[in-house]
Amino acid sequence: MSLCLEKYVIREIELNELPAAMNFVMEIVREVFPMLDPNMLPPDMVAFEEIYHKSNTAAFLAAFDREGAITATIAFLPYDDRIPDIKGNYSIETTAELVKCYVKPELRQQGLGTELVKRLLPIARTKGYETMYLHTHRFLPGAVSFWEKQGFEFRLEPFDSFETVHMDKKLTLARER
């Protein structure tokens, strides 16, 4: 099934849309990560204004339907080398971390996530990033194959309790096509 992308506007969220974005993100987090505290906001959402809104090193996009409701999100921020399994593998000056790629359940596998990725990667490149890092989890249905279809390459699977898979993509024009 394919999605009519003309029904959606994809853009960076405004500061006044932050409450709606937080609600959307937390709704999806509760769905896909039931083992996490459902009331604990992710640190980047708590510091949204500093990390995404006032910064020139990050971006937070959302897809809005015709009624103005958020139907999907995607973001990146500077990678901070915090993950022990891959510590030192990426330049913190030229690597961004892709986060918050969430799509409403009824809209998944219809092209909206792919469109968000297509819009996000060039923004990261214009901000000076050369590599986009992400981690996903095998328990999320279709997640690893989705990222492979977006051109991300497998780097490490530590076989931890979260079934983490580390992936990355070089942000060069030739590989974006």
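The values are calculated or read from the model by the stated rules, or taken from the named source; none is laboratory data. Since this is a predicted model, take the numbers as computed values, not measurements. Cβ coordinates were reconstructed from backbone atoms using ideal geometry, including for glycine residues, and neighbour counts include every protein chain displayed. These area figures cover heavy atoms from the full protein model, side chains too; ligands, DNA and RNA do not enter into them. Shrake-Rupley method; radii C 1.70, N 1.55, O 1.52, S 1.80 Å.
Key figures for this structure:
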{"item": "Count - residues of segment 109-139 that are under 15 Å from A72 (Cβ atoms) and in contact (Cβ under 8 Å) with a residue 12 or more places away in the chain", "result": "11"}
{"item": "Qualifying positions in segment 60-80 - of a type outside the set (A, V, I, L, M) and surrounded by fewer than 16 Cβ atoms within 10 Å (Cβ to Cβ)", "result": "D65, R66, E67, G68, D80"}
{"item": "Given (1) under 21 Å from F162 (Cα atoms); (2) open to solvent by 10 Å² or more (accessible area, probe 1.4 Å); (3) assigned to a strand (DSSP E or B); (4) touching a Phe, Trp or Tyr at 6+ places or on another chain (Cβ under 8 Å), number of the condition C101 does not satisfy", "result": "(4)"}
{"item": "Residue count, segment 105-150 (criterion: among the acidic types (D, E) and part of a loop (DSSP other than H, G, I, E, B))", "result": "1"}
{"item": "Where E97 falls short, out of the listed (1) in contact (Cβ under 8 Å) with a residue 40 or more places away in the chain; (2) within 18 Å of W147 (Cα to Cα); (3) of a type outside the set (A, V, I, L, M)", "result": "(1)"}
{"item": "Residues located in segment 66-94, provided they are in contact (Cβ under 8 Å) with a residue 24 or more places away in the chain and under 13 Å from F24 (Cα atoms)", "result": "A69, I70, T71, A72, T73, I74"}
{"item": "Which listed residue, of F159, F139, F146, is surrounded by 14 or more Cβ atoms within 10 Å (Cβ to Cβ), out of contact with any strand residue (DSSP E or B) (no Cβ under 7 Å at 6 or more places or on another chain) and closer than 22 Å to P34 by Cα", "result": "F146"}
{"item": "Residues (charged (D, E, K, R) and in contact with a Gly (Cβ under 8 Å, 6 or more places away or on another chain)) located in segment 123-175", "result": "K169, R175"}
{"item": "Check on D80, part of a helix (DSSP H, G or I) and of a type in the set (D, E, K, R)", "result": "no"}
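Yes/no matrix, rows are residues, columns are (1) of a type outside the set (A, V, I, L, M, F, W, C); (2) in a loop (DSSP other than H, G, I, E, B); (3) open to solvent by less than 30 Å² (accessible area, probe 1.4 Å):
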{"site": "P19", "(1), (2), (3)": "yes, no, no"}
{"site": "N23", "(1), (2), (3)": "yes, no, no"}
{"site": "P38", "(1), (2), (3)": "yes, yes, no"}
{"site": "D44", "(1), (2), (3)": "yes, no, yes"}
{"site": "N56", "(1), (2), (3)": "yes, yes, no"}
